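Worksheet for the structure shown next.
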Amino acid sequence: MQKVMLVGAIGAGKTSLIHTLQKDVRSAEKTQSIQFSDGAIDTPGEYAQIPRFYSALMTTAMQASVVVVVQDATNLKVTLPPGFAGMFSRPVIGVVTKVDVPGIDREKAKSRLMEVGVKEPIFFVSSRTGEGIEELIAHFGEGRCSS
Ligand SMILES: Nc1nc2c(ncn2[C@@H]2O[C@H](COP(=O)(O)OP(=O)(O)O)[C@@H](O)[C@H]2O)c(=O)[nH]1
Ligand SMILES: [Mg+2]
(Lines give C-alpha, C1' and ligand atoms only; values in the text may rest on other atoms or scores of the structure.)
(Ligands and ions follow the chains in the order given, each with its own letter.)
Protein backbone atom coordinates (compact mmCIF):
# COMPACT_ATOMS: atom_id res chain seq x y z
CA MET A 1 0.00 0.00 0.00
CA GLN A 2 1.15 3.51 -0.66
CA LYS A 3 2.15 5.72 2.24
CA VAL A 4 -0.81 7.99 2.83
CA MET A 5 -0.95 11.25 4.77
CA LEU A 6 -4.34 12.30 6.11
CA VAL A 7 -5.19 15.97 6.55
CA GLY A 8 -8.44 17.70 7.42
CA ALA A 9 -10.35 19.52 10.11
CA ILE A 10 -10.40 18.62 13.80
CA GLY A 11 -12.82 15.72 14.32
CA ALA A 12 -13.22 14.92 10.61
CA GLY A 13 -12.44 11.26 11.28
CA LYS A 14 -8.81 11.00 10.15
CA THR A 15 -7.52 8.88 13.03
CA SER A 16 -10.59 6.61 12.94
CA LEU A 17 -10.07 6.10 9.22
CA ILE A 18 -6.42 5.15 9.72
CA HIS A 19 -7.45 2.65 12.41
CA THR A 20 -10.04 1.18 10.06
CA LEU A 21 -7.57 0.98 7.18
CA GLN A 22 -5.09 -0.74 9.50
CA LYS A 23 -7.79 -2.95 11.02
CA ASP A 24 -6.96 -1.48 14.43
CA VAL A 25 -9.92 -1.75 16.77
CA ARG A 26 -8.87 1.03 19.16
CA SER A 27 -11.08 4.09 19.21
CA ALA A 28 -9.44 7.33 18.15
CA GLU A 29 -8.08 9.74 20.71
CA LYS A 30 -7.30 13.36 19.98
CA THR A 31 -4.22 13.57 17.77
CA GLN A 32 -1.73 15.94 19.38
CA SER A 33 1.14 15.73 16.92
CA ILE A 34 2.03 14.29 13.54
CA GLN A 35 1.98 10.52 13.97
CA PHE A 36 3.75 7.98 11.79
CA SER A 37 2.56 4.40 11.70
CA ASP A 38 2.61 1.56 9.22
CA GLY A 39 1.79 3.07 5.85
CA ALA A 40 0.05 6.14 7.26
CA ILE A 41 0.81 9.62 8.53
CA ASP A 42 -1.85 11.10 10.81
CA THR A 43 -1.96 14.85 11.41
CA PRO A 44 -3.78 16.96 13.99
CA GLY A 45 -6.72 18.94 12.61
CA GLU A 46 -5.10 22.14 13.85
CA TYR A 47 -2.38 21.71 11.21
CA ALA A 48 -4.99 22.04 8.47
CA GLN A 49 -6.97 24.79 10.16
CA ILE A 50 -4.14 27.08 11.26
CA PRO A 51 -1.96 28.45 8.42
CA ARG A 52 1.06 28.77 10.72
CA PHE A 53 1.33 24.96 10.56
CA TYR A 54 1.19 24.68 6.76
CA SER A 55 4.95 24.52 6.30
CA ALA A 56 5.02 21.50 8.64
CA LEU A 57 2.25 19.85 6.63
CA MET A 58 4.02 20.54 3.35
CA THR A 59 7.35 19.12 4.48
CA THR A 60 5.73 16.07 6.07
CA ALA A 61 3.85 15.40 2.83
CA MET A 62 7.22 14.83 1.16
CA GLN A 63 7.36 11.55 3.07
CA ALA A 64 3.98 10.40 1.75
CA SER A 65 3.08 9.08 -1.68
CA VAL A 66 -0.46 10.40 -1.54
CA VAL A 67 -2.24 13.06 0.52
CA VAL A 68 -5.84 12.41 1.56
CA VAL A 69 -7.99 15.43 2.37
CA VAL A 70 -10.69 14.23 4.75
CA GLN A 71 -14.11 15.90 4.83
CA ASP A 72 -16.65 15.19 7.57
CA ALA A 73 -20.06 14.54 5.97
CA THR A 74 -21.74 15.67 9.20
CA ASN A 75 -19.98 19.03 9.41
CA LEU A 76 -20.09 21.13 6.27
CA LYS A 77 -18.73 24.26 7.90
CA VAL A 78 -15.93 25.75 5.80
CA THR A 79 -12.71 24.96 7.66
CA LEU A 80 -10.03 24.92 4.96
CA PRO A 81 -9.07 27.78 2.63
CA PRO A 82 -9.62 27.68 -1.15
CA GLY A 83 -6.61 26.10 -2.82
CA PHE A 84 -5.58 24.20 0.32
CA ALA A 85 -5.02 20.99 -1.65
CA GLY A 86 -2.67 22.79 -4.02
CA MET A 87 0.11 23.21 -1.48
CA PHE A 88 1.13 19.56 -1.54
CA SER A 89 3.78 18.30 -3.93
CA ARG A 90 2.10 14.92 -3.93
CA PRO A 91 -1.04 13.55 -5.57
CA VAL A 92 -4.12 14.51 -3.55
CA ILE A 93 -7.37 12.58 -3.25
CA GLY A 94 -10.52 13.33 -1.29
CA VAL A 95 -12.42 11.24 1.23
CA VAL A 96 -15.82 12.04 2.71
CA THR A 97 -16.17 10.30 6.09
CA LYS A 98 -19.10 9.37 8.34
CA VAL A 99 -21.44 8.49 5.45
CA ASP A 100 -23.20 6.08 7.83
CA VAL A 101 -24.90 9.03 9.54
CA PRO A 102 -28.52 9.43 8.34
CA GLY A 103 -29.48 12.60 6.49
CA ILE A 104 -26.02 13.62 5.30
CA ASP A 105 -25.61 15.36 1.95
CA ARG A 106 -22.88 13.59 -0.03
CA GLU A 107 -22.85 16.08 -2.88
CA LYS A 108 -22.42 19.06 -0.53
CA ALA A 109 -19.60 17.28 1.28
CA LYS A 110 -17.99 16.56 -2.07
CA SER A 111 -18.26 20.21 -3.08
CA ARG A 112 -16.46 21.25 0.14
CA LEU A 113 -13.54 19.14 -1.08
CA MET A 114 -13.67 20.56 -4.58
CA GLU A 115 -13.74 24.10 -3.18
CA VAL A 116 -10.36 23.51 -1.55
CA GLY A 117 -8.92 22.18 -4.79
CA VAL A 118 -9.40 18.42 -4.43
CA LYS A 119 -10.11 16.74 -7.74
CA GLU A 120 -11.40 13.27 -8.43
CA PRO A 121 -11.18 10.64 -7.18
CA ILE A 122 -13.34 11.34 -4.14
CA PHE A 123 -14.35 8.39 -1.98
CA PHE A 124 -17.30 8.09 0.42
CA VAL A 125 -16.52 6.02 3.49
CA SER A 126 -17.59 5.11 6.98
CA SER A 127 -15.05 3.97 9.53
CA ARG A 128 -17.95 2.74 11.60
CA THR A 129 -19.66 0.42 9.09
CA GLY A 130 -16.72 -0.12 6.74
CA GLU A 131 -18.63 1.23 3.76
CA GLY A 132 -16.28 2.32 0.97
CA ILE A 133 -13.15 1.11 2.77
CA GLU A 134 -12.36 -1.73 0.34
CA GLU A 135 -12.55 0.65 -2.62
CA LEU A 136 -10.19 3.06 -0.87
CA ILE A 137 -7.70 0.31 -0.03
CA ALA A 138 -7.89 -0.92 -3.62
CA HIS A 139 -7.07 2.59 -4.82
CA PHE A 140 -4.06 2.86 -2.49
CA GLY A 141 -2.96 -0.62 -3.46
CA GLU A 142 -2.62 0.37 -7.08
CA GLY A 143 0.94 1.24 -6.11
CA ARG A 144 1.23 4.27 -8.32
CA CYS A 145 4.38 5.94 -7.19
CA SER A 146 4.66 9.55 -6.27
CA SER A 147 5.82 12.01 -8.87
N1 LIG B 1 -20.65 7.95 12.72
C2 LIG B 1 -19.34 8.02 12.49
N3 LIG B 1 -18.51 8.63 13.37
C4 LIG B 1 -17.19 8.69 13.09
C5 LIG B 1 -16.64 8.13 11.91
N6 LIG B 1 -15.30 8.36 11.90
C7 LIG B 1 -15.05 9.01 13.05
N8 LIG B 1 -16.16 9.22 13.78
C9 LIG B 1 -16.24 9.90 15.07
O10 LIG B 1 -15.82 11.25 14.90
C11 LIG B 1 -15.08 11.71 16.02
C12 LIG B 1 -13.72 12.25 15.58
O13 LIG B 1 -12.97 11.19 15.03
P14 LIG B 1 -11.38 11.22 14.92
O15 LIG B 1 -10.96 10.02 14.15
O16 LIG B 1 -10.74 11.43 16.25
O17 LIG B 1 -11.16 12.55 14.04
P18 LIG B 1 -9.81 13.34 13.70
O19 LIG B 1 -9.73 14.51 14.61
O20 LIG B 1 -9.97 13.77 12.27
O21 LIG B 1 -8.66 12.38 13.87
C22 LIG B 1 -14.97 10.50 16.96
O23 LIG B 1 -15.97 10.64 17.95
C24 LIG B 1 -15.26 9.32 16.08
O25 LIG B 1 -15.83 8.24 16.76
C26 LIG B 1 -17.55 7.48 10.98
O27 LIG B 1 -17.19 6.97 9.91
N28 LIG B 1 -18.88 7.47 11.33
MG1 LIG C 1 -6.95 12.56 14.98
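The values are calculated or read from the model by the stated rules, or taken from the named source; none is laboratory data. Computed from a prediction, not measured in an experiment: that's the story for all the values here. Here the Cβ positions follow ideal geometry from the backbone for every residue, glycine too, while neighbour counts run over all protein chains shown. In case anyone asks, the SASA skips ligands and DNA or RNA and just uses the protein heavy atoms, side chains included. Shrake-Rupley method; radii C 1.70, N 1.55, O 1.52, S 1.80 Å.
Some points to look at:
- Lys110 at pLDDT 95 or above, over 16 Å from Gln2 (Cβ atoms) and assigned to a loop (DSSP other than H, G, I, E, B): no
- Tally, over region 37-85, of residues that are open to solvent by 60 Å² or more (accessible area, probe 1.4 Å), in contact (Cβ under 8 Å) with a residue 12 or more places away in the chain and not in a loop (DSSP other than H, G, I, E, B): 3
- In region 14-36, the residues that are more than 18 Å from Val4 (Cα to Cα) never reach a residue that is within 11 Å of ligand 1 (Cβ to nearest atom) and open to solvent by 100 Å² or more (accessible area, probe 1.4 Å) with C-beta atoms less than 9 angstrom apart, at least six apart or across chains.
- Residue check: Ile34 meets all listed conditions (1) within 23 Å of Met87 (Cα to Cα); (2) near ligand 1 (Cβ under 9 Å from one of its atoms); (3) open to solvent by 30 Å² or more (accessible area, probe 1.4 Å); (4) aliphatic (A, V, I, L, M) but one, namely (2).
- Scan of region 37-59 for residues that are within 15 Å of ligand 2 (Cβ to nearest atom) and modelled with pLDDT under 95, ordered by number: Ser37
- Qualifying residues in region 2-21 (those that are in a loop (DSSP other than H, G, I, E, B) and at negative phi) - the one farthest from ligand 2 (Cβ to nearest atom): Gln2
- The residue of region 86-114 that is farthest from Tyr47 (Cα to Cα), among those that are open to solvent by less than 20 Å² (accessible area, probe 1.4 Å) and small (Gly, Ala, Ser), is Ala109.
A quick yes/no check of all residues on (1) within 18 Å of Leu17 (Cβ to Cβ); (2) among the hydroxyl-bearing types (Ser, Thr, Tyr); (3) touching a Lys or Arg at 6+ places or on another chain (Cβ under 6 Å):
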position: Lys77; (1), (2), (3): no, no, no
position: Pro91; (1), (2), (3): yes, no, no
position: Lys98; (1), (2), (3): yes, no, no
position: Ile122; (1), (2), (3): yes, no, yes
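- Check on Tyr47, more than 14 Å from the chain's Cα centre (by Cα) and not aliphatic (A, V, I, L, M): no
- Residue under evaluation Phe123, criteria (1) modelled with pLDDT under 95; (2) outside any loop (DSSP other than H, G, I, E, B); (3) of a type in the set (A, V, I, L, M, F, W, C), criterion not met: (1)
- If you check Val99, Val92, Val67 for being more than 13 Å from Gly13 (Cα to Cα), more than 16 Å from ligand 2 (Cβ to nearest atom) and of a type in the set (Val, Ile, Thr), only one passes: Val92.
- Scanning region 3-29 for residues that are over 18 Å from Leu57 (Cβ atoms) and either surrounded by fewer than 17 Cβ atoms within 10 Å (Cβ to Cβ) or more than 7 Å from ligand 1 (Cβ to nearest atom) (or both) returns His19, Thr20, Leu21, Gln22, Lys23, Asp24, Val25, Arg26, Ser27, Glu29.
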